[in-house]
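Please read the structure below before turning to the comments.
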Amino acid sequence: MKAEDPRYASARRLGLVACSDCHLLSRKIVLGSGQVAVCPRCGGELHQRKPNSIHKTWALLLAAIICYIPANVLPMTITSALGNVEADTIISGVIYFIHSGSWEIALVIFTASIFVPFMKFLILIYLLLSVQFRSKWRPRDRTVLYRITEAVGRWSMLDVYVVTILVALVKLGVLADIEAGPAVIYFASVVVFTMLAAESFDPRLIWDVVEDNE
Amino acid sequence: MGLTYSNDFILLNEDTLSGFGLDEIHPMHQIACHDCDLVQKLPPMPKEGAIVCLRCGSVLIRTRHNSIDRTLAWTIAGMVLYSVAVSFPFLAMKSGSIIRETALLSGVQQLFGQGEIVLATIVLLTCVTIPLLQMLLLLYIFLPLKYNFRVYSALPVFRVFQHFKPWSMMEIYMLGILVAIVKLGKMATIVPGLAVIAFALLVIVLACAISSIDDHLVWDCLEEKR
């Protein structure tokens, strides 16, 4: 079956609603104002498409992009050793690992903290625009792109955990002490906001456009 | 693991548009893809494998052999490891004659101490609370399934469990430990405690528990028992 086969039937076209939690198919009913349809099996709210998907995704995505700036500019850790105080950002941490010879670790941190969030922004913006401008181009590949972004985003939390562990371990009084910098909370916010943004995007909108164009 | 493509789909024509009754739709026979909304008839279930959407390729149903027993076994193992991971020494740092010992929760405590309350809460939730809740909810759902008794609102509980999945991030914390050890390697010796080993095993065990769940089977069993 080709993706463009005009004879396929989506649940929307058949007047059905699939429960987003337990996947049970129900017949769509007309609702009065203030009413919600509830799945007869698991009790979750039924929506044919995630409500306000595009607006919600844009809002959360913009929030994440705004937090991304202080997350990269402000220091992640503040290290004091023998009277010297040093502030490290994400990038200076990556550079430190390259210079100290552990380029594998530098690559892991760069991927998780800089590359993944940035790619997630680009992909979500692209997906949102492609739905809003009613693109019919490669719906299957765009769905795969969505699934990858959804799965990979959590790994950006890595740097937050590294700071948590360092803060706990390095407490040697005057000798050495590490404190969490102001960037950490912004960075954690970037991860949480992008995860919520990916969750509120509805990939079925990509296919609705393809169907409607027929 | 074998992949099976759903080989049959409902054709959209005059008949289906006018007279498509719910009685013809049964959750055991039809499913709508959660990624592209295509309604398709389910092929005979493989014993262990995945049924994949014909149009967009996402996994519709994953079936597991002995799913209930295996999930329970992994979860109980996870509970034991969890109790070790939170109660024994986690990591210790040795620099000269000074030794600093930490527990799993020390980092969260330090962050609270520095006034980073939101941050401490995020770390606490994603690496300590949600994994524990996940295991407790799994026991709440799978023990009754195994020993055939009924519990209060198991269906909504399983629904909540599904929503926790992306927020349980112990495996990422584990990677964080490795990065921290490399980072501190030059300035001190890091001694892993018993809890770190338990934690590492817990990451694997919990992943096994979650991947041995057969969602479709659980929904069906829970609905039958209601």
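Tell me the residue from A:Y161, A:Y68, A:Y146 that is more than 22 Å from A:W58 (Cβ to Cβ) and either within 22 Å of the chain's Cα centre (by Cα) or buried (at least 19 other Cβ atoms within 10 Å of the Cβ) (or both), please. Spell out the reasoning first.
Working: A:Y68 fails: more than 22 Å from A:W58 (Cβ to Cβ); A:Y146 fails: more than 22 Å from A:W58 (Cβ to Cβ).
The match here is A:Y161.
So how many residues does the stretch A:6-60 have that are aromatic (F, W, Y) and either surrounded by fewer than 20 Cβ atoms within 10 Å (Cβ to Cβ) or assigned to a loop (DSSP other than H, G, I, E, B) (or both)?
Within the stretch A:6-60, the first condition is being aromatic (F, W, Y), and the residues that meet it are A:8, A:58.
Still in the running and either surrounded by fewer than 20 Cβ atoms within 10 Å (Cβ to Cβ) or assigned to a loop (DSSP other than H, G, I, E, B) (or both): A:58.
The total comes to 1.
Go through B:V86, B:V52 for me and flag whichever is of a type in the set (V, I, T) and outside the structural domain of B:H216 (by TED's automatic domain parsing). Even if it seems obvious, please write down each step before you answer.
Working: B:V86 fails: outside the structural domain of B:H216 (by TED's automatic domain parsing).
Unique residue meeting the criteria: B:V52.
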When (1) buried (at least 21 other Cβ atoms within 10 Å of the Cβ); (2) closer than 26 Å to B:T121 by Cβ are applied to A:K171, the one that fails is (1)
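Could we say that B:V151 is without any contact (Cβ under 8 Å) to a residue 40 or more places away in the chain, within 30 Å of B:M187 (Cβ to Cβ) and touching a helix residue (DSSP H, G or I) at 6+ places or on another chain (Cβ under 6 Å) here? Can you show your working first?
Working: without any contact (Cβ under 8 Å) to a residue 40 or more places away in the chain: yes; within 30 Å of B:M187 (Cβ to Cβ): no; touching a helix residue (DSSP H, G or I) at 6+ places or on another chain (Cβ under 6 Å): yes.
Spelling it out, it is not the case that B:V151 is without any contact (Cβ under 8 Å) to a residue 40 or more places away in the chain, within 30 Å of B:M187 (Cβ to Cβ) and touching a helix residue (DSSP H, G or I) at 6+ places or on another chain (Cβ under 6 Å).
Suppose the filter is in a loop (DSSP other than H, G, I, E, B), modelled with pLDDT under 85 and surrounded by fewer than 17 Cβ atoms within 10 Å (Cβ to Cβ); does B:P43 pass it?
Details: in a loop (DSSP other than H, G, I, E, B): yes; modelled with pLDDT under 85: yes; surrounded by fewer than 17 Cβ atoms within 10 Å (Cβ to Cβ): yes.
Yes.
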By my count, helices (runs of 4 or more DSSP H) wholly in the stretch B:59-178 with at least 1 residues that are facing another protein chain (nearest Cβ under 10 Å) and modelled with pLDDT under 95 are B:106-113, B:117-124, B:154-164
Quick count over the stretch A:42-58, residues being more than 21 Å from A:D21 (Cβ to Cβ) and in contact with a helix residue (DSSP H, G or I) (Cβ under 8 Å, 6 or more places away or on another chain), is 2
Scanning the stretch A:164-186 residue by residue, those within 9 Å of another protein chain (Cβ to nearest Cβ) and within 20 Å of A:A59 (Cα to Cα) turn out to be A:I185
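Name the one entry in A:R138, A:R134, A:R142 that is touching a helix residue (DSSP H, G or I) at 6+ places or on another chain (Cβ under 7 Å), at pLDDT below 90, of a type outside the set (V, I, T) and in the same structural domain as A:V167 (by TED's automatic domain parsing). Steps first, please.
On the way: A:R138 fails: touching a helix residue (DSSP H, G or I) at 6+ places or on another chain (Cβ under 7 Å); A:R142 fails: at pLDDT below 90.
Only one candidate qualifies: A:R134.
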Taking the stated definitions as given, is A:G181 closer than 30 Å to B:G115 by Cβ, out of contact with any strand residue (DSSP E or B) (no Cβ under 8 Å at 6 or more places or on another chain), modelled with pLDDT under 95 and not polar (S, T, N, Q)?
no
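Okay, residues lined up against (1) touching a Lys or Arg at 6+ places or on another chain (Cβ under 7 Å); (2) at pLDDT 95 or above; (3) under 19 Å from A:D159 (Cα atoms):
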| site | (1), (2), (3) |
| --- | --- |
| A:P51 | no, no, no |
| A:I66 | no, yes, yes |
| A:A81 | no, no, no |
| A:N84 | no, no, no |
| A:S92 | no, no, yes |
| A:F97 | no, no, yes |
| A:E104 | no, no, yes |
| A:I114 | no, no, yes |
Tell me yes or no: at least one residue of the stretch A:184-192 is over 14 Å from the mean Cα position of the chain (by Cα), outside any helix (DSSP H, G or I) and not assigned by TED's automatic domain parsing to the domain that holds A:G15. no
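Taking the criterion of being at the interface with chain B (Cβ under 7 Å from one of its Cβ atoms), assigned to a helix (DSSP H, G or I) and closer than 16 Å to B:L175 by Cβ, would at least one residue in the stretch A:124-140 satisfy it?
Of all residues in the stretch A:124-140, those at the interface with chain B (Cβ under 7 Å from one of its Cβ atoms) come to A:140.
Filter once more, keeping what is assigned to a helix (DSSP H, G or I): A:140.
Still in the list and also closer than 16 Å to B:L175 by Cβ: none.
No; the residues of the stretch A:124-140 include none that is at the interface with chain B (Cβ under 7 Å from one of its Cβ atoms), assigned to a helix (DSSP H, G or I) and closer than 16 Å to B:L175 by Cβ.
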Scanning the stretch B:106-120 residue by residue, the ones that are surrounded by 17 or more Cβ atoms within 10 Å (Cβ to Cβ) and among the hydrophobic types (A, V, I, L, M, F, W, C) total 4
Check your understanding: Has the stretch A:16-33 got at least one residue that is over 17 Å from A:F201 (Cα atoms), of a type outside the set (V, I, T) and in the same structural domain as A:I109 (by TED's automatic domain parsing)?
Key -> no
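Going through the stretch B:180-213 one residue at a time, which ones are more than 17 Å from B:P89 (Cβ to Cβ) and modelled with pLDDT of 90 or more?
Of all residues in the stretch B:180-213, those more than 17 Å from B:P89 (Cβ to Cβ) come to B:182-183, B:185-187, B:203-213.
Across the stretch B:180-213, the qualifying residues are B:V203, B:I204, B:V205, B:L206, B:A207, B:C208, B:A209, B:I210, B:S211, B:S212, B:I213.
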With the first residue restricted to the stretch A:71-98 and required to be within 11 Å of another protein chain (Cβ to nearest Cβ) and closer than 19 Å to A:A168 by Cα, and the second required to be outside any strand (DSSP E or B) and of a type in the set (G, A, S), Cβ contacts under 9 Å at 6 or more apart or on different chains are A:T77/A:G93; A:T77/A:G181; A:T77/A:A183; A:I78/A:G181; A:D88/A:G181; A:G93/A:A106; A:G93/A:S113
Scanning the stretch B:141-179 for residues that are farther than 25 Å from B:P89 by Cα and aliphatic (A, V, I, L, M), the one surrounded by the most Cβ atoms within 10 Å (Cβ to Cβ) turns out to be B:I141
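The values are calculated or read from the model by the stated rules, or taken from the named source; none is laboratory data. Everything quoted here is computed from the prediction, not taken from an experiment. Positions of Cβ are generated from backbone atoms using ideal geometry, with glycine treated the same way; all protein chains shown enter the neighbour counts.
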